[in-house]
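The values are calculated or read from the model by the stated rules, or taken from the named source; none is laboratory data. All of these numbers come straight from a predicted model, not from anything done at the bench. Counting neighbours? That spans all protein chains shown, and the Cβs are built from the backbone with ideal geometry, glycine included. Surface accessibility is based on the protein's heavy atoms, side chains included, excluding ligands, DNA and RNA. Shrake-Rupley method; radii C 1.70, N 1.55, O 1.52, S 1.80 Å.
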Amino acid sequence: MQKKTHIKKGDMVVVLAGEDRTKQGRVLEVNRERMTAIVEGRNIKKKHSKPSTASPQGGIVDKEGPIHLSNLMLIDAKTGEPGRVGRRLDKEGKLERYVKTKKSKA
């Protein structure tokens, strides 16, 4: 069963736990079944690849690993501060996401 997520592809997030704690990055991919996201330049792992036609030499490649969504916090595009995500109806009656930061008491 897939759940709704507070983070989407293309969002700027800050990592809350792990080796890359307090570092920011852009979300490249979200896996809703596993509740994980791949963040650009964060959680780098070594991937050993066999020789193939694309890379005849083979070798070791650096690749981003998944991070659980509970360890990510959305960054507000306007203020640049991280915060929790809320949903509210906009003027047209559509559901929109907004960031609840310490400064914005909305």
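Treating only the Cβ atoms of Lys and Arg (+1) and Asp and Glu (-1) as charged, compute the dipole magnitude of the range 36-106 about its Cα centre; round to the nearest 20 debye.
On the way: 17 positive and 8 negative charges, 61 e Å.
I would put it at about 300 debye.
Pairs of Cα atoms nearer than 8 Å and 6+ residues apart set the relative contact order; for the chain it is 21 percent.
Note on the range 1-29 and the range 35-94: Cα centroid distance 6 Å, given to the nearest whole angstrom. Largest first, the residues 79, 22 sort by 1.4 Å accessible area into 22, 79.
The local environment of residue 48, defined by Cβ-Cβ distances under 15 Å, has a net charge of +4 under the rule Lys, Arg +1 and Asp, Glu -1.
Within the set [x] 105; [y] 85; [z] 147, the number that volume of the Cα convex hull per residue in Å³ takes when calculated for this structure is listed as [z]. Of 17, 52, 65, which is farthest along the charge dipole of the chain in the positive direction, counting Lys and Arg as +1 and Asp and Glu as -1 at C-beta? It is 17, whose Cα lies furthest towards the positive end.
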